[in-house]
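What follows is a set of notes on a single structure, which appears directly below.
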Amino acid sequence: MAGFRICGGEKIEGTLRVDTAKNAVLPILAASVLPQEDTVLTDCPRLGDVECMRGILRMLGCESCWEGDALRICGGALSQGEMPEELSKRVRSSIFLLGPVLGRLRMATMAYPGGCEIGLRPIDLHLSALKRMGVRISEEGGMLRCDGRDMHAADIHLDYPSVGATENIIMAAALLPGRTTISNAAREPEIEDLQRYINAMGGHVQGAGSPLIVIEGVSRLHGVTYQPMPDRIATGTYLCAAAITGGQIELTNARPRDLTAVLDKLRAMGCVIAEGEQVLYLSAPERLQSFDALQTQPHPGFPTDMQSQMLALACVCRGASVIEEKVFENRFAIAGDLCRMGANIRVTGRAALIQGVERLHGAHVAAHDLRGGAALVLAALAASGETLVEDVHLIDRGYERMEEKLTALGAKIARV
């Protein structure tokens, strides 16, 4: 497996254009099987998860090809609904295909999805919602077999505002006659992006970004060329790279309104931040100030996908910080690696108490998951000496050529 060799102590400074959002592209790739014509995604990131989704789509009959920085998907060629077990288990986003495949073929078969080991992510909400829509679901040999011949519109209330379940219901209902409603829907910006994509194809979805979403089913969707939204988590990660090294950074193709909770925390830590329509500028102090408490929540609360990065920052803050993880129970897997680098972290259940140290030192560590791996890179940038971060294929799932971007900003980092 590849690793990153990082010589810390260099400030992150310069300008960087933010890539397109992984968490927006993956459900859009799934929804690309809904129209009869091709979808072209412009400025599409070449990520591990994107390639895995392309592999699943190929097995379903939908070829795709790169046209420069754009990805063309032949969704109209969908010919079968049985998703390959090996690929489905490799990536969590395979679950997104359940709704749209049922919407097109009225049947689907898949294995329980995989992904990063950040805790239990049951798909009960997805399945119970589909059952409310008339789908008959059975399990045979670890495979979920879904019969949607009697699918119908429905009013669905989610016990928890699950992003994946909200997106799956939208895609399953897009081609169903009648009106489907989702109450207590997740409000993440990526759901708004999925709504824009489906509506650009002729769909009728309203309310994304609010707790109530209404889908009026249409008989047919058409192909479209679409530009997905910028990656708010990558935006936050590179802001943190400048913050932890006492540097300054300008990010273009950014959407500050999607990161309010993160920006508030960075300001509380002493960073000066200026916002434009599609630009963010951050200047960090020589040493960050600790924050009293951080608690992850569904949007618009603090995003769980930024928690690991903030954990890394807290390690070198002046004073003590507390982080409480309310979404996934295994988000502190990197605490041991950070302590190996000299951090002072005490984890109790879903909470971590971090006493900041003046400096971390280099060590041999390994990524356990996508965001935790990115956080270890941040810690290494601020550490004295050399750090080797292994298993960076996990980082490649969500950050395109991270080492090249950081090198351009002044970091001493190389893929080995």
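The values are calculated or read from the model by the stated rules, or taken from the named source; none is laboratory data. This is a predicted model, so every value here is computed, not measured. Positions of Cβ are generated from backbone atoms using ideal geometry, with glycine treated the same way; all protein chains shown enter the neighbour counts. Ligands, DNA and RNA are stripped out before the accessible areas are found, and what is left, the full protein with its side chains, is counted by its heavy atoms. Shrake-Rupley method; radii C 1.70, N 1.55, O 1.52, S 1.80 Å.
Answer rounded, prolate or oblate for segment 104-262, using the Cα gyration tensor with square roots of eigenvalues a ≥ b ≥ c: rounded when a/c is under 1.5, else prolate when a/b is larger than b/c, else oblate. Let's see the in-between values first.
Details: a/c = 2.29, a/b = 1.60, b/c = 1.43.
Prolate is the answer for segment 104-262, as a/c is 1.5 or above and a/b outweighs b/c.
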Segment 286-361 and segment 59-88: distance between their alpha carbon centers, rounded to Å: 39
Using heavy-atom solvent-accessible surface (probe 1.4 Å) with all chains present, what is the largest-first order of CYS7, CYS146? CYS7, CYS146
Taking DSSP loops as anything outside H, G, I, E and B, show the longest stretch in the chain free of trypsin sites (Lys or Arg not before Pro) there with at most 12 other beta carbons within 10 Å. 221-416
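For segment 138-178, which GluC sites (Glu not before Pro) are in a loop by DSSP, counting at most 13 other Cβ atoms within 10 Å? Write out the running numbers ahead of the final one.
On the way: sites: GLU139, GLU140, GLU167; in loops: none.
Nothing satisfies the criteria.
Rolling a 1.4 Å sphere over the protein heavy atoms, what is the accessible area per residue of the chain, to the nearest Å²?
Numbers: 15200 Å² over 416 residues.
The answer is 37 Å² per residue.
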Under 13 Å from LYS22, Cα to Cα: aspartates and glutamates that are on another chain or at least 8 residues apart: ASP43, ASP49, GLU51, GLU190, ASP193, ASP231, ASP305, ASP396, GLU400
Rounded, prolate or oblate: which fits segment 206-307 when a ≥ b ≥ c are the square roots of the eigenvalues of the alpha-carbon gyration tensor, with rounded for a/c under 1.5 and prolate only if a/b beats b/c? prolate
Neighbour cut-off at most 13 other Cβ (10 Å), DSSP loop, GluC sites (Glu not before Pro), segment 313-393: GLU329, GLU358
Could you work out the local net charge near VAL224, counting Lys and Arg as +1, Asp and Glu as -1, over the other residues with Cβ closer than 11 Å to its Cβ? -1
Counting Lys +1, Arg +1, Asp -1, Glu -1, what net charge surrounds ALA2 among other residues with beta carbon under 10 Å of its beta carbon? -3
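Would you calculate a helix-derived [θ] at 222 nm for the chain, using -39,500 (n - 2.57) for each DSSP H run of n ≥ 4 and dividing by the full residue count, to the nearest 500?
Details: 14 runs with 128 residues, N = 416.
Dividing the helical sum by the residues of the chain leaves -8500 deg cm²/dmol.
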With every protein chain in place, the chain: carbon and sulfur % of accessible area (1.4 Å): 48
Relative to the first principal axis of the alpha-carbon coordinates of the chain, what is the inclination of helix 189-200, with its axis defined by its Cα atoms, in degrees from 0 to 90 and to the nearest 10? 40
Pulled fully out, how much extra length does the chain show between ARG267 and GLN297, if you take 0.36 nm times their separation in residues and subtract their Cα-Cα distance? 8.9 nm
When the dipole is taken about the Cα centre of segment 135-290, and only Lys, Arg (+1) and Asp, Glu (-1) are charged at their Cβ, what size is it in debye, to the nearest 20? 120
Restricting to Cα pairs under 8 Å and 6 or more apart, the percent relative contact order of the chain works out to 21
Putting +1 on Lys and Arg Cβ atoms and -1 on Asp and Glu Cβ atoms, find which of GLN297, VAL50, GLY76 reaches farthest to the positive end of the dipole of the chain. GLN297
